[in-house]
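Below: one structure, written as structure tokens.
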Amino acid sequence: MNNPEDLDLKNKRITVRPSPTSSVITLVMSILFLIFGLVFMGSVLGEAEAARGPMTFFLVIWIAACLGMAIYSLVNLSSYGKSKPNPAALEVLEVEDRKTPDKKEGSEKARPDFGTRLRELEALKKDGLLTEEEYQRKRREIIEEKW
């Protein structure tokens with residue numbers, strides 16, 4: 001199943017992004033880091049006159065990074081309006097079919113051909129994800145379908 005030839009991804013768009021929970025955690029942490037950076041730099045700049053130049057440069061980079069993380073998290077959170085992924089996931093993988101969803105014959109959804117489906121089934125069995133009984137049952141179902 002890890003073989004790219006077994007997967008029909010030519011007409012699909014795949015998006016991997018942080019989950020809503022990860023985005024909320026990143027947003028909160030970036031705000032806390034921003035506050036910490038401002039407080040820390042304020043105390044350092046008040047005491048060390050000689051380090052004012054490098055510390056100011058570092059403060060600008062720190063603020064830019066914190067704001068960038070916060071903006072990215074907000075944009076990512078706002079993009080979940082249409083889909084409802086598992087909020088506890090670390091990453092969300094979305095596969096979007098770019099083909100027309102219906103075949104010309106009736107309303108059956110477009111499916112991979114028999115050879116592709118049988119190869120995928122064989123890979124699942126080889127990886128130990130299916131028992132011999134499950135493999136044989138599903139193989140019969142695929143073969144008995146209308147060609």
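The values are calculated or read from the model by the stated rules, or taken from the named source; none is laboratory data. Remember, it's a predicted structure, so these values are computed and weren't measured experimentally. Note that we place each Cβ from the backbone using ideal geometry, even for glycine, and neighbour counts take in every protein chain shown.
Summary of values
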read-out: Condition met for K138 (modelled with pLDDT of 55 or more and in the same structural domain as S19 (by TED's automatic domain parsing)); value: no
read-out: Selection within region 43-59 - loosely packed, with under 11 Cβ neighbours inside 10 Å and assigned to a helix (DSSP H, G or I); value: S43, G46, E47, G53, P54, F57
